[in-house]
Amino acid sequence: MSWKLKEWTCGGYRAEREDGEIVFIYKRPPWGTGRCGLRNFYELRSRGLLIGRITEENSWRPLVTAEWLAETDRLLNETDLLEITAALLPS
């Protein structure tokens, strides 16, 4: 399915899927989280629960990591995370 990203608040985004599913994407500062050296650090939340994390290293050869953190009984899955990551961090 296709996800559409919209600017939401404070550098965050709102991803909407065609069937009405919504994921809120919060840009988090890397300091204080043990994630220093990251260029981008996003948390994905669906219905108030943390479902994923997207990080991008700040180096000459950036490495993007998408990490699925949700339970398996969600309406979302790892494929949705990859589609959102591709829309959020275009190469």
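The values are calculated or read from the model by the stated rules, or taken from the named source; none is laboratory data. No experiment lies behind these values; they were computed from the predicted model shown. For neighbour counting, all protein chains shown are included, and Cβ atoms are generated from backbone atoms with ideal geometry for every residue, glycine included.
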Failed condition for Arg14, given (1) at pLDDT below 90; (2) surrounded by 10 or more Cβ atoms within 10 Å (Cβ to Cβ); (3) basic (Lys, Arg), with all others met? (1)
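Restricting attention to the range 5-20, which residues are at negative phi and either out of contact with any helix residue (DSSP H, G or I) (no Cβ under 8 Å at 6 or more places or on another chain) or hydroxyl-bearing (Ser, Thr, Tyr) (or both)?
Lys6, Glu7, Trp8, Thr9, Gly12, Tyr13, Arg14, Glu16, Glu18, Asp19
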Only one of (1) modelled with pLDDT of 85 or more; (2) hydrophobic (A, V, I, L, M, F, W, C); (3) surrounded by 12 or more Cβ atoms within 10 Å (Cβ to Cβ) fails for Leu49. Which number is that? (3)
